[in-house]
Amino acid sequence: MSIRLLSENMINQIAAGEVVERPASVVKELVENSIDAGARRIDIAMEDGGRVLIAVTDDGCGMDADDLALAIERHATSKLPDDDLQHIGTLGFRGEALPSIGSVARLTVTSRTAVGDSAWSITVDGGDKGAVHPAAHPRGTRVEVRDLFYATPARLKFMKAPQTERNHAADVVRRLAMAHPEIAFSFSDGARSLIKLAPAQGDFLSAQLDRLDAIMGNEFGDNALAIDAERESIRLSGHIGLPTLNRGNAALQFLFVNGRPVRDKLLQGAVRAAYRDFLAHDRHPLLALFLDMPPELVDVNTHPAKTEVRFRDPGLVRGLIVSALKHALAEAGHRASTTVSNMALGALRPRSESGPSGTVLPLRPGGGAFGGRTAPPSSLAEAAAEYLAPLDQAHVSGTFGGAAMAPSAPAPAIDEAPALEEYPLGVARAQLHETYIVAQTANGIVIVDQHAAHERLVYEAMKKAMTEGGVKRQVLLIPEVVELGEAGAEAVTDRAGELEALGLVVEPFGTGAVMVRETPALLGETDVVGLVRDLADDLAEYDSALGLETKLADVCSTIACHGSIRAGRRLNGQEMNALLRQMEATPHSGQCNHGRPTYVELKLGDIERLFGRR
Amino acid sequence: MKITIDRGLLLKALTHVQSVVERRNTIPILSNVRFDAPNGQLSLNATDMDIDIVETVEADVASAGSTTVPAHTMFDIVRKLPEGAQIELDASGDDGHLTLTSGRSRFSLTCLPPEDFPVMASGELPHSFSVAAEDLRSMVDRTRFAISTEETRYYLNGIYLHESERDGVAVLRAVATDGHRLASVELPLPEGASGMPGVIVPRKTVLELRKLIDEIDGDVSVALSDTKIRFTFDGAVVTSKLIDGTFPDYDRVIPTGNDKSMEVGCKVFAEAVDRVSAISSEKSRAVKLNISKGNLVLSANSPENDSATEEVPVEYDAGDMEIGFNSRYLLDITQQIHGDSARFSMADAASPTLVQDTGDTSALYVLMPMRV
């Protein structure tokens, strides 16, 4: 067979194979065009999962007749004015989207510029270009794609159910909308409107939070910490969720580079590193991060769909993300997410909302079937007295400064009022079931899980001791040689200094192997080969010694677990208050080592709602 | 099979054999002990497929035969029967049960067919010699603490028993190490051991053997090939597989040029280490040794900044030095030294330290320092 040049249409169809993978990619290309055109409002309509129609309408700068005719040609774009791939400021730049779409579907573009006296329209039908003709349209551009993939039946067969395709497209729109809070978005599938976002107001961070709130749910907005950090002309902004707000997968983690949604392993690794201490390994936080950097520091031209990027200095970016996240989490101190108290409220609220009788009946003395379960008042009082006993004793002995707090002594409680407001976690009132501490704050109550809270305090103290005193190292009698392959061995030996600080001393041993001379004494007799192999994998994948840090942290947390007070231990008033004060003073004390909350706060308003007073 | 046996004899044999039987098994018959009653004897056989133990006791055999019954249940029953009781075992019925009768107690246990019981083929054991039980005990005692439990380095999960020589005298040497410390103990080479291959005896075998020879006087005869080892003593035969691996060239890590030598009273030293280490709350209880002429200062710190020091008089002439150790490792070693004083030979704070009983050169210990 002799070699021949492919026809233009063939080339476009092949390009379409990369760019137009499914209806969602059409939506992505068109919406990016609209954003690049400076639109303030973008409306997307879809029918039958995009198989019948995808229409994107914007109020951007529009095109005149000449531009329109060129726009549908391959490698024609207005976005690379200087032929400079180093400084890409727009989302698109390849000049492939419209011709690719036109080669596999029936494409109609209608557009009018601000200065033009009429709109123009052009149609491409499976690669056949029509003529530019006048049309009626307000300022902006409308792109209609009908019968997607009719020209490539093979691809048509790979289309999933309409709902699936629609959800993918909606996902794409949400991601783009997050990065552009100033633009109004709407998305409908013909029958109903799936996304309706008004342009967000206010400064960048608050506008962004409004938009994230609208997309990721109110829960996120209530529990988000703002991030704003800058290092060497790279700016990181965005919002991250508190660790106690977490999910089973990483679907709600978003990274945007110069307004472009990207998926990057670097983000996963950095997020894991930053949240390592607060979440169990199978839980993932919610967050949206926006990186703004000069275009020359990042290469977006690595993939036709542009979902991956390359950073010139990935270490710097990673370092920026990890330190900014850690800093924000440390500042959050003992804050636990409001979801926790909302969950608690949800659990407390009477089940049947149907009628008042349903909730009142069981409370009536001797009321029907519930009568038998109602404890006689005397035993209740006894039980209460037992729980309060330690406090009373403390009060009597006078050592519990103004303690006051015992309910039987209302007068001193008034003196104590300013102290109540001083402490975010309030003053301990009682211990219930020898497990939970109930404290009164200025405007609510706090319930603390004593074991989880103390475990965290012990763990934080151990970590502090470890960073201050250094990790002790056991020298090996027989140094262990670990085969890693050349790349792995190099990665490990490059980080030898950092690893030594973590207690692991390695040195190069020929090509492709390292020799381990000393290991962290904390780990005792350990599987050195496995440890170093995992470490090399971590370094390759996330560019950090996560494995070793995690292992050390694991040992610390086991020791912390055994070294902390357990549930079932009776605490007196002073002990409880001391625990609360320590929690306030210790960073990250709002969650235990596994991301569960250590305390729940109920505001007075919440409690009033429980009783139907609000 | 129908026999009558004294409870004391049966209990002793069962105590020995049941301990190799694993609590949980995927192959049901491995939970069982096999009884064989030829003439005038009962032999009990248990195995975990790596170690096989056979013990033979006197019994009054009414009819010969063999069967297998759950080992732990059997042991439990016999243990709870009164002292001095006579036990009758009867498996002659064809309902697959063994009936145990003693006094007014009666138990019926489900049997599994004895022909299904795995037999460990020992093959030929070309090398054999005998060792005094007392010597074997002391050899095991002084090395077993250093056996590694880390399974990825399986070749360290046992004691390396081999022929060697020192100062021109042939010796039988046992070595164990976990990569942090090493213990080496030797005996004059017994007759017949010359030419034996170096073998690694697994940890479980070592511990079982140690229990079995606890009260034995006289000799233990040892027979081995390069895959199996057999110990025979006092009516019991223990056969074990060996670890198929190469023990590292330990000779190279035993320092020979350590010129800083410290002699210290063993008991005084161990007690001081134990006291000082009480302060360090961490897992890796580190102690620091500051040695100067004639004086040793032991010290330890906790992350909370508590500290402890204790001075111990020593014989030391070299330059001042500071070295850190895991206190548990130090105590493990000093426990094995029964003489009055121990000699520490050191080079520097990062090199192996040699520890020996000043009055007994048959054992030596190597300990790696800790960086504190």
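The values are calculated or read from the model by the stated rules, or taken from the named source; none is laboratory data. Computed from a predicted structure; not experimentally measured. Neighbour counts are summed over all protein chains in view; Cβ atoms, including those assigned to glycine, are modelled from backbone coordinates with ideal geometry.
Of the residues B:A308, B:A347, B:A363, which is away from every other protein chain (no Cβ under 14 Å), of a type in the set (A, V, I, L, M, F, W, C) and more than 29 Å from A:I559 (Cβ to Cβ)? The unique qualifying residue is B:A363.
The rows are residues; the columns are (1) small (G, A, S); (2) within 14 Å of chain A (Cβ to nearest Cβ); (3) over 30 Å from A:R473 (Cα atoms); (4) in contact with a Gly (Cβ under 6 Å, 6 or more places away or on another chain).
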position	(1), (2), (3), (4)
B:L189	no, no, yes, no
B:K204	no, no, no, no
B:D214	no, no, yes, no
B:V222	no, no, yes, no
B:G235	yes, no, yes, no
B:D251	no, yes, no, no
B:T256	no, no, no, no
B:K267	no, no, no, no
B:S277	yes, yes, no, no
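Residues that are within 14 Å of chain A (Cβ to nearest Cβ), surrounded by fewer than 17 Cβ atoms within 10 Å (Cβ to Cβ) and modelled with pLDDT under 90 do not occur anywhere in the range B:176-184. Selection of the range B:358-372 for residues being in contact (Cβ under 8 Å) with a residue 60 or more places away in the chain and either part of a strand (DSSP E or B) or under 16 Å from B:D167 (Cβ atoms) (or both) yields B:S362, B:A363, B:L364, B:Y365, B:V366, B:L367, B:M370. Just one of the listed residues (B:E263, B:E322, B:E304, B:E311) is among the charged types (D, E, K, R) and assigned to a loop (DSSP other than H, G, I, E, B), and it is B:E304.
None of B:F325, B:F247 is within 28 Å of B:N157 (Cα to Cα), among the aromatic types (F, W, Y) and in contact with a His (Cβ under 9 Å, 6 or more places away or on another chain) except B:F247. Scanning the range A:534-563 for residues that are within 14 Å of chain B (Cβ to nearest Cβ) and touching a residue at least 60 places away in the same chain (Cβ under 8 Å) yields A:L552, A:A553, A:C556, A:S557, A:I559, A:A560, A:C561, A:G563. The combined condition, being in the same structural domain as A:A224 (by TED's automatic domain parsing) and within 22 Å of A:F93 (Cβ to Cβ), is not fulfilled by A:D277.
For the range B:134-151, the set of residues classified as in a loop (DSSP other than H, G, I, E, B) and free of Cβ contacts under 8 Å to residues at least 40 places away in the same chain consists of B:S148, B:E150, listed by residue number.
Quick one: in the range A:507-529, which of the residues that are in contact with a strand residue (DSSP E or B) (Cβ under 7 Å, 6 or more places away or on another chain) and more than 14 Å from chain B (Cβ to nearest Cβ) is surrounded by the most Cβ atoms within 10 Å (Cβ to Cβ)?
A:V514
Being more than 14 Å from B:F269 (Cβ to Cβ), surrounded by fewer than 16 Cβ atoms within 10 Å (Cβ to Cβ) and either within 13 Å of chain A (Cβ to nearest Cβ) or without any contact (Cβ under 8 Å) to a residue 24 or more places away in the chain (or both): is that true of B:D320 here? In short, no. Taken over the range A:197-235, the residue count meeting the criterion of being acidic (D, E) and over 30 Å from A:F311 (Cα atoms) is 2. Take the conditions (1) in contact with a strand residue (DSSP E or B) (Cβ under 9 Å, 6 or more places away or on another chain); (2) crowded, with 19+ Cβ neighbours inside 10 Å; A:R40 misses just one of them, which is (2). Listed here are the helices (runs of 4 or more DSSP H) enclosed by the range A:86-183 that have at least 1 residues being out of contact with any Asp or Glu (no Cβ under 6 Å at 6 or more places or on another chain) and among the basic types (K, R): A:153-157, A:162-179.
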